[in-house]
Amino acid sequence: MRIDQEVKAKLVSCAADMSYRKSAQAVGAACGGITLSGQTVLQAVRQFGQPEQPVQERKKVKTLYIEADEDHVANQHGRAMEVRLVYIHEGWQEKDGRRVLVNPLYLSSVNEDAYDFWERIWDNADSRYDLDSVEKIYLLGDGAAWIQCSLNVFSQAEFILDRFHLMKYVRRAVGGLHEQGKALRSALRFGNREKAQEVIVELINLASTKSRKQAILEAWGYIKNNWEGIAEIYRHKDVWCSAEGHVSHVLSARLSSRPMGWSLDGARHMSYVRVCQANGNR
């Protein structure tokens, strides 16, 4: 049975928020009680390609922000997959008591070379903005290798570590020791690496188990590897990374918040659908 393109569009739209089975039931009922299967919805989603952005005149802006994070999605065949999300925007504004992004553009990637993904992001940014006129580009994220790869493409950008992830590793290092936590945060704020290392040594000496010492060393490794990005946090106090929340809203709400497994193709195409909706295309 041939499925009309408009019906396919409705199936894909519903599948962005519901299971394939429920999407088939909802659209079938809306189309006069016809019977559609979850497999039909799956096929419609798999046919949904990478969304193309409408052609528009390139804007001139002084500052661009690029935020990045990933979702870890259960694979039907075992090991979790990494679904990456990057979004470009022009800053933040207050709306109804909330801080919202100005003109965001979302892009996703599954099982794609990191450099190729960032090249694609650069192409999208270049088609939207006159990059030669941009004075500042800020890259924000958790310091993962694939995010750091962005600096090979956006060579003029400044990387700012995500404050949320920094505090997670600070808490991991200090445990429940209030005084040491206060001293470590102060050392980070003032860029005093020697003092930060002294606190870490003290924490290791106070640790009572091997696993606790290992947790402290891992946290310190993260802090050392992202020292420059940490300094930028305190240099640009008005710049905040909100990637954790956006990943939760755009990707996790459909891909990983429910007990289900995805195939590689299924996760890739569903991320395209979710990103398309996030960009305002329904």
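Taking the average, over residues, of other Cβ atoms within 10 Å as the packing measure, peptides 154-160, 270-276 rank 270-276, 154-160 from highest down. Placing R0 at 22 angstrom, the Cβ-Cβ distance between Lys195 and His236 gives a FRET efficiency of 0.50 after rounding to 0.05.
Considering only Tyr234, Ile200, Ser211, whose Cα is most displaced toward the positive end of the charge dipole of the range 189-236, charges sitting on Cβ of Lys, Arg (+1) and Asp, Glu (-1)? With unit charges placed on the Cβ atoms, the residue in question is Ser211. Across all directions, the average projected area of the convex hull around the alpha carbons of the chain is 18.4 nm². Modelled this way, with points 7 Å down the Cα-to-C-beta line, the labels at Arg58 and Gln156 are 1.1 nm from one another. Average 1/r across all pairs of distinct alpha carbons in the range 76-203, invert it, and you get the Kirkwood radius: 17.6 Å. Identify all lysines with a Cα-Cα distance to Lys59 below 30 Å; exclude those on the same chain that are fewer than 8 residues away in sequence. Straight-distance partners of Lys59: Lys95, Lys136, Lys237. When only the Cβ of Lys, Arg, Asp and Glu is charged (+1, +1, -1, -1), the dipole of the range 124-237 relative to its Cα centre reaches about 720 debye. Once the range 17-147 is represented by equal point scatterers at the alpha-carbon sites, with solvent omitted, what log10 I(q)/I(0) does the Debye formula produce at q = 0.11, 0.12 Å⁻¹? Those come out to -0.59, -0.68, one per q.
When restricted to Cα atoms, the range 134-261 yields an Rg and a Dmax of 16.5, 52 Å, respectively. Measuring nothing but how far apart in sequence close Cα pairs (under 8 Å, 6+ apart) lie, relative to its length, the chain scores a relative contact order of 24 percent.
The distance between label points at Ala29 and Ala145 comes to 4.8 nm (points 7 Å beyond Cα on the Cα→Cβ vector).
The gain in end-to-end length when the Lys136 to Arg212 segment is fully stretched comes to 23.3 nm, 0.36 nm per residue minus the alpha carbon separation. Charge dipole of the chain (Cα centre as origin; +1 on each Lys and Arg Cβ, -1 on each Asp and Glu Cβ, all else neutral): 1000 debye, rounded to the nearest 20.
Amide H to amide H, with H built 1.01 Å from N, Lys59 comes under 5 Å of Tyr129, Asp130, counting only residues 5 or more places away or on other chains.
Taking amide H atoms as placed 1.01 Å from N in the peptide plane, the amide H of Cys241 lies under 5 Å from those of Arg163, each 5 or more residues away in sequence or on another chain. Converting phi to 3J(HN,Hα) with the Karplus coefficients 6.51, -1.76 and 1.60 and the offset θ = phi - 60°, the range 148-155 yields 4, 4, 4, 5, 6, 9, 9, 5 Hz in sequence order, with x at every glycine or proline. Compared with the alpha-carbon gap, the fully stretched path from Ser127 to Ser37 is longer by 28.5 nm at 0.36 nm per residue. Derived from the Cα gyration tensor, the three semi-axes of the equivalent ellipsoid of the range 5-46 are 13, 10, 9 Å, largest first.
Compared with the direct C-alpha span, the chain from Glu228 to Arg163 gains 22.1 nm at full extension, assuming 0.36 nm per residue. Estimated translational diffusion coefficient (Stokes-Einstein, Kirkwood radius over Cα pairs, 4 °C, 1.567 mPa s) of the range 197-262: 85 µm² per second.
Note that the range 165-235, at 20 °C in a medium of 1.002 mPa s, gets a Stokes-Einstein diffusion coefficient of 180 µm²/s from its Kirkwood radius over C-alpha pairs. Ordering Phe190, Ser150, Trp122 by Cα displacement along the dipole of the chain toward the positive end leaves Phe190 in first place; charges were set at the Cβ atoms of Lys, Arg (+1) and Asp, Glu (-1). Here the simple spin-label model places points 7 Å from the Cα toward Cβ, and for Gln50 and Glu6 these points are separated by 3.1 nm.
Each reported figure results from applying straightforward, stated rules to the coordinates on display, with no laboratory input. On a predicted model such as this, the values are computed, not experimentally measured, just so you know. In this analysis, Cβ positions are derived from the backbone assuming ideal geometry, glycine residues included, and neighbour counts consider all displayed protein chains.
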